[in-house]
Amino acid sequence: MVEITAEGGLVDDSFQLTVTIPEMFAAEFNVALSDVDVTEEDGVYEATVTVDNTGNADITEGITFVMEDLLGGTGSVIPAANVVVDPPTAGIGYGDYAEFDLNITVPEGLLGQVYTGTLSLYHDGVFQDDIDVTVTVERGDEISVWPNPARLSEGVDGITISLNGGGDGVSVNVYDMFGALVAELASGARDTDIQWELTNDDGTTVATGMYIVTIDTGDEVVTRKIMVIK
């Protein structure tokens with residue numbers, strides 16, 4: 001409680017008091033309304049997040065988002081660039097909210113697992129709030145390569161190529177971007193998982209860069225890109 005007393009110089013005991021409240025721009029994720037456990041339908045991964053205007057003034061523009069890489073338990077990555085927020089920016093009226101769609105492109109060949117990352121909310125470049133994003137990728141029957149990219153600085157010394165099934169007559173080879181054979185990994189009976197220790201056939205660790213793994217089943221040749229980074 002604030003008590004104000006008028007002292008002298010007044011005709012009566014009444015006077016006008018004006019209180020000015022400065023504008024405060026603030027926004028935050030509405031966790032109760034935001035569904036960020038991403039769902040997949042017909043190969044499209046998507047979710048919706050809801051943002052509330054929690055300040056005392058209209059936000060006419062300047063709401064933006066920053067997504068970090070989504071990391072899987074084996075070291076595989078869904079790059080932040082693969083997460084698109086629609087609309088990418090917006091304004092939100094005082095006491096109102098806005099919904100934003102997350103559209104996530106999952107790189108081909110990722111092993112079925114759970115990927116997690118953080119989506120951060122900004123207004124005019126000032127951090128407001130963040131929320132966890134979870135993407136569950138089903139293993140399915142596709143050929144998977146993980147971790148991809150392989151980060152040498154994190155002690156990764158091998159990549160697993162999962163063929164997800166049996167069969168005969170499979171040939172698995174790794175080539176550099178110039179088409180030169182780097183390593184012959186398997187020939188003959190088809191294994192469930194094939195390991196590449198990031199070395200060429202003479203045992204030397206390969207240089208950083210992009211590599212192509214080919215899986216020849218006899219009926220078709222499937223290729224996957226592998227990135228080796230520091």
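The values are calculated or read from the model by the stated rules, or taken from the named source; none is laboratory data. Fair warning: this is a prediction, and the values are worked out from it, not measured in the lab. Ideal geometry is used to build each Cβ from the backbone, glycine not excepted, and the neighbour counts take in all protein chains shown.
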Residues of the range 48-62 satisfying the condition of being of a type outside the set (Ser, Thr, Tyr), outside any loop (DSSP other than H, G, I, E, B) and either in contact with a Lys or Arg (Cβ under 9 Å, 6 or more places away or on another chain) or more than 29 Å from Val135 (Cβ to Cβ) (or both): Glu61
Considering (1) aliphatic (A, V, I, L, M); (2) within 28 Å of the chain's Cα centre (by Cα); (3) modelled with pLDDT under 80, say which one Val170 fails and leave the rest. (2)
Can you spot a residue in the range 66-73 that is modelled with pLDDT of 95 or more, within 30 Å of Ile161 (Cβ to Cβ), among the hydrophobic types (A, V, I, L, M, F, W, C) and under 22 Å from the mean Cα position of the chain (by Cα)? yes
Inter-residue pairs, beta-carbon under 6 Å, first in a strand (DSSP E or B) and in the range 153-174, second at pLDDT below 75 and basic (Lys, Arg), 6+ apart: Val170/Arg190
Inside the range 97-140, the number of residues satisfying the requirement of being polar (S, T, N, Q), at pLDDT below 95 and assigned to a strand (DSSP E or B) is 4
When you look at Ile78, is it crowded, with 18+ Cβ neighbours inside 10 Å, under 16 Å from Gly125 (Cβ atoms) and touching a residue at least 12 places away in the same chain (Cβ under 8 Å), yes or no? no
Exactly one condition in (1) assigned by TED's automatic domain parsing to the domain that holds Glu41; (2) touching a residue at least 24 places away in the same chain (Cβ under 8 Å); (3) under 15 Å from the mean Cα position of the chain (by Cα) is not met by Pro149; state its number. (1)
Being in a strand (DSSP E or B) and modelled with pLDDT of 95 or more is the requirement here; does Val36 meet it? no
Here are the criteria: (1) within 23 Å of Glu28 (Cα to Cα); (2) assigned to a strand (DSSP E or B). Tell me which single one Tyr94 does not satisfy. (2)
